[in-house]
2 protein chains.
Amino acid sequence: MARDDTPNAASVGATERSFRILERLGERQGCGVSELAESLSTSKSTVHNHLQTLKELGYVVQEGDEYRLGLQFLGLGDRARQHHDLYHVAKPETDSLVEAVGERAQVMVEEDGVGIYVYQSLADQAVRTDSHIGTVVDLHATSVGKAYLAHLPDDRLDAVLDQVAFDDQTPSTLTDAEALRTELDEIAERGYAFNDEERTVGMRAVGAPILSADDGRVLGAISVSGPTTRMTGTWYHEEVPEMVAQSAQIIGIRATYS
Amino acid sequence: MARDDTPNAASVGATERSFRILERLGERQGCGVSELAESLSTSKSTVHNHLQTLKELGYVVQEGDEYRLGLQFLGLGDRARQHHDLYHVAKPETDSLVEAVGERAQVMVEEDGVGIYVYQSLADQAVRTDSHIGTVVDLHATSVGKAYLAHLPDDRLDAVLDQVAFDDQTPSTLTDAEALRTELDEIAERGYAFNDEERTVGMRAVGAPILSADDGRVLGAISVSGPTTRMTGTWYHEEVPEMVAQSAQIIGIRATYS
DNA sequence: ACAGTCGTTCTGTTGAGCGGAACACACGCG
DNA sequence: CGCGTGTGTTCCGCTCAACAGAACGACTGT
């Protein structure tokens with residue numbers, strides 16, 4: 001369910017094709033029909049039909065010989081985010097956290113076995129990577145994901161781990177389910193999680209869970225990430241974790257009483 | 001093209017149906033199969049097929065007997081917004097404008113004949129309406145839209161006005177094309193536009209165009225809106241316009257040199 | 001003028017998206 | 001307890017529409 005390459009085919013093929021086109025349009029910053037047709041191994045006419053339909057619906061705009069994603073998706077995205085009220089309470093606190101540490105911070109929420117960034121704040125000197133709002137991340141290979149998993153009830157955790165494909169993304173990625181479970185226990189006790197180049201070489205991160213203040217349920221997670229050159233020593237191991245955990249706690253309190 | 005009810009049918013019907021379902025899911029905050037099927041006058045099985053497909057693609061999540069929009073749309077929306085670099089430069093300035101006037105402000109960009117809010121900032125006492133990020137608005141019935149139109153080249157203006165259906169939304173809405181043109185001339189000279197309950201009864205707004213600092217091209221528009229009870233006298237007619245126009249100018253300058 | 005793009009249009013065929021009916025399950029009520 | 005009614009889900013054929021491929025203009029740089 002969580003991964004894209006599910007074996008069972010989608011029942012509505014045309015819809016799947018449309019979204020493949022849209023996703024490709026997002027990756028490249030807009031492109032033409034032929035480029036899309038080739039990269040999706042579909043005929044030009046089919047791609048053209050879909051683009052025309054999406055254009056009429058307002059989800060794609062045409063600029064000369066190029067097609068781009070339409071801004072209407074902002075509306076759908078905003079509507080989807082309104083269900084997760086965590087966003088509104090986390091936004092200001094995340095901004096001040098970024099101001100304090102001078103790196104990058106992101107707020108994650110789980111959806112259907114994967115993590116999705118609902119907010120991201122960047123300091124001026126923060127490292128620009130491919131992650132942004134709406135980025136889908138693995139729960140077991142990020143500091144936010146592990147902080148989240150560490151506080152998940154056992155049955156939910158089992159369900160998530162069953163879906164996870166342990167395809168090591170970097171040489172440091174955990175590939176063993178048991179090793180992950182023992183690390184999650186440590187994280188739960190410690191209160192925050194580290195990520196040392198597991199997902200992206202050259203990047204380290206510190207994540208903390210956002211817990212409901214009354215029933216202790218985990219609502220999401222927040223993390224700060226930066227380059228290995230700056231994330232070192234007690235700054236990486238103590239001071240940043242302290243600040244992240246504190247911000248996470250504040251967000252958790254605000255989320256429960258609002 | 002700009003409006004939804006275009007006579008010519010979409011070539012890919014399944015895609016259109018999928019998006020109708022998604023839009024409906026957005027309006028109601030998630031709902032069930034039967035409710036969707038009835039309101040779209042489609043069979044339950046068809047709706048179910050589409051929902052399953054969208055769920056596998058990650059754009060819809062299922063929670064018990066309810067379906068909701070998935071957070072993946074955040075990614076598509078963010079990608080679409082990246083093309084309009086206006087967003088990044090306008091965000092901080094809009095926030096400080098809101099802090100100064102204590103109402104609501106929104107940044108608009110044109111896309112295919114309609115206006116779309118790419119950012120919105122709310123003060124604590126701001127009026128909550130149905131507008132939010134991604135909201136599609138008519139260019140001729142909003143202060144942002146008119147401020148934008150007033151600085152559009154003649155040929156582009158003609159093209160937009162041809163598409164506009166003058167369906168008066170409130171008793172105050174302008175319904176005559178010529179009357180609109182004369183008002184646009186005044187706006188262009190004055191530098192800002194007013195909106196007195198044209199779109200929403202009880203709401204007034206002041207909008208100013210965001211112009212490129214070098215070639216004077218109009219990039220978008222920004223507006224402040226609030227209730228008629230608070231938007232009165234010189235505050236509405238002079239002070240707020242002054243602040244909005246100043247913010248618009250700052251954004252225009254930052255947008256050109258960045 | 002030519003060959004190389006690009007996007008667009010056309011047409012036939014087949015498979016897939018569709019509606020309708022039947023199913024399984026959860027309620028609430030007498 | 002059944003019943004009635006409400007879900008969401010599954011099944012199954014029929015037909016229409018989504019697809020591939022080829023042909024068409026319009027450009028662009030040889």
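When restricted to residues that are under 29 Å from the mean Cα position of the chain (by Cα), of a type in the set (D, E, K, R) and at the interface with another protein chain (Cβ under 7 Å from one of its Cβ atoms), region B:52-71 contains 1. Contact annotation: residue pairs with Cβ atoms under 7 Å, 6 or more positions apart or on different chains, pairing a residue in region A:30-51 that is within 9 Å of chain B (Cβ to nearest Cβ) with a partner that is near DNA strand D (Cβ under 7 Å from one of its atoms) and of a type outside the set (G, A, S), are A:N49/B:V12; A:H50/A:R17; A:H50/B:V12. Annotation: of all residues in region B:15-59 being more than 10 Å from DNA strand D (Cβ to nearest atom) and of a type in the set (V, I, T), the one that is surrounded by the fewest Cβ atoms within 10 Å (Cβ to Cβ) is B:T42. Listed by position, the helices (runs of 4 or more DSSP H) contained in region A:27-100 that have at least 1 residues being within 8 Å of DNA strand C (Cβ to nearest atom) and of a type in the set (G, A, S) are A:33-39, A:44-57. Listed conditions (1) more than 11 Å from B:T15 (Cα to Cα); (2) within 11 Å of DNA strand D (Cβ to nearest atom); (3) at pLDDT below 90 are all met by A:V12, apart from (1). Here B:L97, B:L74 are screened, and the one residue that is more than 7 Å from every other protein chain (Cβ to nearest Cβ) and either under 15 Å from A:A14 (Cβ atoms) or surrounded by 20 or more Cβ atoms within 10 Å (Cβ to Cβ) (or both) is B:L97. Taking helices (runs of 4 or more DSSP H) as the structural unit, those lying wholly within region B:139-258 and holding at least 2 residues that are loosely packed, with under 14 Cβ neighbours inside 10 Å and modelled with pLDDT of 90 or more correspond to B:177-190. Determine whether region B:130-149 contains at least one residue that is in contact with a His (Cβ under 8 Å, 6 or more places away or on another chain) and either touching a residue at least 40 places away in the same chain (Cβ under 8 Å) or within 14 Å of chain A (Cβ to nearest Cβ) (or both). Among the residues of region B:130-149, at least one is in contact with a His (Cβ under 8 Å, 6 or more places away or on another chain) and either touching a residue at least 40 places away in the same chain (Cβ under 8 Å) or within 14 Å of chain A (Cβ to nearest Cβ) (or both), which makes the answer yes.
The values are calculated or read from the model by the stated rules, or taken from the named source; none is laboratory data. Everything quoted here is computed from the prediction, not taken from an experiment. Backbone-built Cβ (ideal geometry, glycine too); neighbour counts: all protein chains shown.
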